[in-house]
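The numbers here are math on the coordinates, done by the rules we state, and not lab data. Computed from a predicted model, the values in this text were never measured in an experiment. All Cβ positions, glycine included, derive from the backbone under ideal geometry; neighbour counts span all protein chains shown.
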Amino acid sequence: MERFVRVTNVRRLGALTAASVLALGLAACGSSNDTTTDSAEGAPSGGAASTDWAAAQSAEDGGGMDALVTAAKAEGTLNTIALPDTWANYAAIKKAFTAKYGIKIHDENPDGSSGDEINALKSTKGQDSAPDVVDIGNSYALSGALEGDFAAYKVATWDDIPEGQKDEGGLWFSDYGGYISIGCDAAKISVPCPTTIAELDNPKLKGKVALNGDPTTANAAFNGVWAAALANGGSATDIQPGIDFFKKLNDEGIFNKTQVSPETVASGATPVVLDWDYLNVGNTAALKKSGVTWTTTVPADGLVSGYYAQAVNADAPHPAAARLWEEFLYSQDADGGQNLWLQGAARPIELVAMEANGSADKAADAALPKVDDSNPFLPTEDQITKAKDAVTKNWSAAIS
Amino acid sequence: MAILPTAIDAPSGAGNRRPRSRARSDVASRTGASRLSWLGLVPFFVFIGTVFLVPIGFVVVQAFQRTTSGEAHRDPVTQQFVRATETHTTLANIKESLEGVYLSSLGTSVKLSAITAVLGAILGLLLAYAVVTSRGSLLKQVVSTAAAVTANFGGVPLAFLFIATLDANVGVVTLFLDKHFGLSLGDDLGVSLAGLSGLALVYLYFLIPLMVLVMMPALEGLKVQWAEAAENLGASRWQYWRWVAAPVLLPSVLGSLLLLFCSAFSAYATAYAINSSAPLVTIRISSVLSGNVLSGQENLGAALALNMIVIVLPLTVVYQLLQRRTSRWLA
Amino acid sequence: MTDNAIARNRGAGGTALRWLVLTVAAIYFIGPLLAAISFTVKKPGGGVTLSAYRDIFNQPGEISFGHALIYSLLIALATIVLALALMVPTQLLLHLRLPRWRGLVEVICLLPLVFPPVVLVVGVSGVYRWAQPGEDGQGGAAFHLLRFIRDSSHPLLLPLLYAVMTLPFVYRAIDAGLRSFDVATLVEASRSLGASWPTTIGSVLLPSLRTALTNAAFLCFALVMGEYTVASILLYTKPFPVWLAQLPTTSGQVRAAISVFSLLLVQALLLVVSGVGTRGARRKVASS
């Protein structure tokens, strides 16, 4: 019996040795091929300069923009999370930032959700891979601020961000947004592209209309339901007409519940998609290469807009780079973040101010999907929460 | 008439009984050794304890907690919010997770998993047998490797395979039937990816290979001598299967059934890709733990995960009872 | 040998059924794959092109295909070694000496499969949150250990988690293998003939468990080479499936090509490995 135990120990020892050799092999492979330059001492334990920036609430606070640029360049890397290249022109924005300042961007989990971003924030304190900045939905920004996840920081163009679209202390600030739109591949449907919510209810569109995800999981889908609600007599306090509308579509077989992906759009499985306008417009170029002509219309009967929010990690491993990134995103220069978002068909939060002071890219501004939003739909946080509850309770039963 | 295999090639079920008693006397003769055997399990328990049970423990604990916060005041210097929060133990999450849409989604998940597990087990067993009894090792090699890959295939890639085939508008089969037979796949034949049946069809794509992989060793253990002996003693094929092969295979089949059930039960990416609004508990969990709409409901997500564990545990008890019965059967 | 005997023994009815089963299985499994492939090679305007597959390798990025592949291959190897080295002795012990513990171990081994992977990740994140450094920025021993295993240059966290995730399959495969022959009698026979424990395990038990072990290893390998959720939520970017999924392409055809390519590549890798294994076994049998 003792022999059995001893022998298995030897076997296990051999296996453990093999495993540790492999681990060392991984380390060797990793370090020799490691091209991303996460600074080993990522945590702000370095000189006084980095700790200053973690507490700086604006560029002046830390000694001015030039000092910020110098400190950021010294840090050399920026960790971002959940910034897909095809989302609101982030590919160009990341490229422009790196080209301008030479700071490498290490993008993690590009397909992550706002929930994943906050989860990562909370669980990577002290790690080199912690995200420096997040781009999250509004409700996550509000709860994250209350929980102390973010650092207070006000960008240079702070005053151009409308009231109500930023935390007064600077813990979060809206960045870009858009309207719920109807994207359409005219070649794959037998009727003209629907331009209003009401036109979606067409038996000839059987199996062809899709929301971008589940309304309790995906922000665009949730707002798509609200747009349908507004088109059918709903309001900020009543999202049920939207659920009923999709129930009707589902019963008639018009509603396609498969997850929308580049494959499903290119193959024609989901030729009509409700999504944010900047996402629909952003996909146009790539779809063109696959031979698909994708048009985007904002339905006049269901005008719902939504903005995302930026926040800086309170424990960012690269605090100066994080703040420089925010300054870049909110710069109104011709090659700054706000205009780059505009060129991606995402409405930058400072658009009104930029149109007034002439810094908005006129061509991109004109190319935005036409919207007549004289009476904007602005539900309060409370109303949004109640609507989410209603959708959670009623959507599944209505759609199955 | 029960046909029992000879003692020499006794199937492990029956064989286990005699060596076990011999082992006990063996062990008894080396006093104290049996008491130390459990030490051999220490590495396993240490590993599973630290890497799995501890993280899951965190989730389970979260399921019983709720945090209430007082009013938030902003510190004028740091701009951070200051508020009193209190985390207390409560059953409110569990209660909420067993109501309304959460309860119905749990029920639908169980139903779907049970049906696909049974289907997958039957079809997988058939396929495994067909492969094991084939001549030549090339087929076995190809099937083993393909099964391993397919068993882990899921999400959008798997969904697209079926969309490309059966989608109501652009599926290859749909278009073929429409063009050459004038038949509509959805309306005339009732086959579609919508609904639970469509989901089940896709689930089988990874459940059947899983069954094949875990049953192949068991099927290879069916010695040809038993079939020959049974034939020599005048048994029909049905009798061979009923009295010789089935009892031997039953423990592994039951275990694999349970495995398939759990695999289907916990499937998320594939379900979401085929039907984003499927009424399944895994989609509920993901929307609260890893979503873009519902923030601040992690405790509810933890409670939903706990419910999943609670559903499976009685199944394991039933399984173990069945195991004991079938091993008694063999004597 | 056994297979051929059974094959010979069977009547015509059995063979027909076998062919039917194999044909239906081939249609069900290969059909959708062919449908997807037909989409990936479509050229707008008619014709066939492999450009979608070529585009997989033309994407901009810092990580190369080869580096991502090797990264995951090493993780897969570590996972397989860890899982098998842990479970084979454990299950042998349970089977031979501690049958009473089998039930408990079986249930524990099933648990990782009960809930979606996101729950495990949330749990792991919870552990990291618990161990994180306090106000002073200094962490305890637990924090440093956790940070060390998570580091992407030597991702030890991934093989640990993947070994846990494959445990249900590995346990079931090895269990089926142990039930397929009379382990206790073989061990007794071998020991009474004078073989030592290493010889017994190495030359008697492991070869009898060959199918079970290879199937378990294949499952581990395929899981690691295809697992995306856990790795990406834990912020890894270098593993092969993560690298594939995060290729900055928006083309539907290329995305579908990526899925097909990943499937076929892992299949090919496994075939190569299994071919090597079989050739080795045949050589062994021939020489013995």
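Miscellaneous remarks
- Share of Cα-Cα pairs in region A:181-290 lying beyond 22 Å, as whole percent: 24 percent
- Coupling constants for region C:104-114 follow from the phi torsions by the Karplus curve (6.51 cos²θ - 1.76 cosθ + 1.60, θ = phi - 60°), and in residue order they are 5, 4, 4, 5, 4, 5, 7, 4, x, 8, 6 Hz; glycine and proline get x.
- Hydrodynamic radius of region C:60-246 by the Kirkwood approach over all distinct alpha-carbon pairs: 18.5 Å.
- Per residue convex hull volume, Cα atoms of region B:72-201, in Å³: 270 Å³
- When the P(r) of region B:52-108 is calculated, the portion above 12 Å amounts to 75% of the C-alpha pairs.
- Note on B:GLU96 and C:SER203: with the Förster distance fixed at 60 Å, the Cβ-Cβ geometry gives a FRET efficiency of about 0.55.
- Which of A:LEU287, B:LEU139, A:LEU378 has the fewest Cβ neighbours within 10 Å, and the rest in rising order: A:LEU378, B:LEU139, A:LEU287
- Taken along the Cα-to-beta-carbon direction at a fixed 7 Å, the label points for A:LYS248 and C:THR15 span 6.3 nm.
- Dividing the helix sum by the residues of the protein assembly as shown, where each DSSP H run of 4 or more adds -39500 (n - 2.57), gives a mean residue ellipticity at 222 nm of -19000 deg cm²/dmol.
- Backbone amide hydrogens, once placed in the peptide plane, bring B:GLN65 within less than 5 Å of B:THR90, excluding anything fewer than 5 places away on its chain.
- Couplings 3J(HN,Hα) of region C:154-169, computed from phi: 9, x, 6, 4, 5, x, 4, 5, 5, 4, 5, 5, 8, 3, x, 6 Hz, in residue order, whole Hz [Karplus 6.51 cos²θ - 1.76 cosθ + 1.60, θ = phi - 60°; x for Gly and Pro].
- Taking 0.36 nm per residue of separation and subtracting the Cα-Cα distance, full extension of the segment from B:LYS111 to B:ARG66 would add 13.1 nm.
- Estimated at 0.36 nm per residue, the fully extended path between C:ALA268 and C:GLN59 surpasses their Cα-Cα distance by 73.0 nm.
- Contact order for chain C, expressed relative to its length and based on alpha carbon pairs under 8 Å spaced 6+ residues apart, stands at 29 percent.
- For chain B, the membrane-span-like helices by this rule, meaning whole DSSP H stretches whose C-alpha atoms cover at least 30 Å of axis and whose Kyte-Doolittle mean is 1.0 or above, are B:100-132, B:195-220; this says nothing about an actual membrane.
- Dimensionless Rg over Rh [region B:240-296; C-alpha; Kirkwood]: 1.31
- Cleavage-rule hits (chymotrypsin sites (Phe, Trp or Tyr not before Pro)) in region C:11-108: DSSP loop, at most 13 neighbouring Cβ within 10 angstrom: C:PHE57
- Couplings 3J(HN,Hα) of region A:269-280, computed from phi: 6, 10, x, 10, 10, 8, 7, 4, 5, 5, 6, 5 Hz, in residue order, whole Hz [Karplus 6.51 cos²θ - 1.76 cosθ + 1.60, θ = phi - 60°; x for Gly and Pro].
- Note on C:SER38 and B:SER236: their simple-model spin labels are 4.4 nm apart, each label 7 Å out from Cα toward Cβ.
- Membrane-span-like helices in chain A (whole DSSP H runs, Cα extent of at least 30 Å along the helix axis, mean Kyte-Doolittle hydropathy of at least 1.0): none found.
- Set of lysines near C:LYS43 by C-alpha distance (under 30 Å), chain-local residues within fewer than 8 positions excluded: A:LYS188, A:LYS204, A:LYS206, A:LYS208, A:LYS257, A:LYS288, A:LYS289, B:LYS179
- Reach of A:LYS247 by Cα under 20 Å, taken over aspartates and glutamates that are not fewer than 8 positions away in the same chain: A:GLU199, A:ASP201, A:ASP214, A:ASP238, A:ASP275, A:ASP301, A:ASP389, B:ASP187
- Pairwise alpha-carbon distances in chain A exceed 36 Å for 33% of all pairs.
- Contact order relative to length of region B:46-96, as percent, for alpha carbon pairs under 8 angstrom and 6 or more apart: 36 percent
- q = 0.05, 0.06 Å⁻¹: log10 I(q)/I(0) that the Debye formula gives for the protein assembly as shown, counting C-alpha atoms only: -0.32, -0.47
- Computed over region B:146-242, Cα set: Rg, Dmax in Å: 20.4, 58
- Just so you know, the Cα atoms of chain B work out to an Rg and Dmax of 26.0, 93 Å.
- Antiparallel DSSP beta bridges within the protein assembly as shown, as percent of all bridges there, nearest 5: 75 percent
- Applying both filters, DSSP loop and at most 10 other Cβ atoms within 10 Å, to the trypsin sites (Lys or Arg not before Pro) of region B:223-321 eliminates every site.
- Restricting region A:118-201 to GluC sites (Glu not before Pro) that sit in a DSSP loop and have at most 15 other Cβ atoms within 10 Å of their own Cβ leaves A:GLU163, A:GLU168.
- Here the contact order of chain B, divided by its residue count and restricted to Cα pairs under 8 Å and six or more residues apart, works out to 25 percent.
- Taking amide H positions as modeled 1.01 Å from N, with prolines and chain starts lacking one, the residues under 5 Å from A:PHE150 and 5 or more places away or on another chain are A:ALA314.
- Amide hydrogen proximity for B:ARG74: with H placed 1.01 Å from N in the peptide plane, the residues at 5 or more positions away or on another chain lying under 5 Å are B:VAL82.
- Using a Förster distance of 51 Å, the FRET efficiency for B:GLU86-C:SER192 (Cβ separation, nearest 0.05): 0.15
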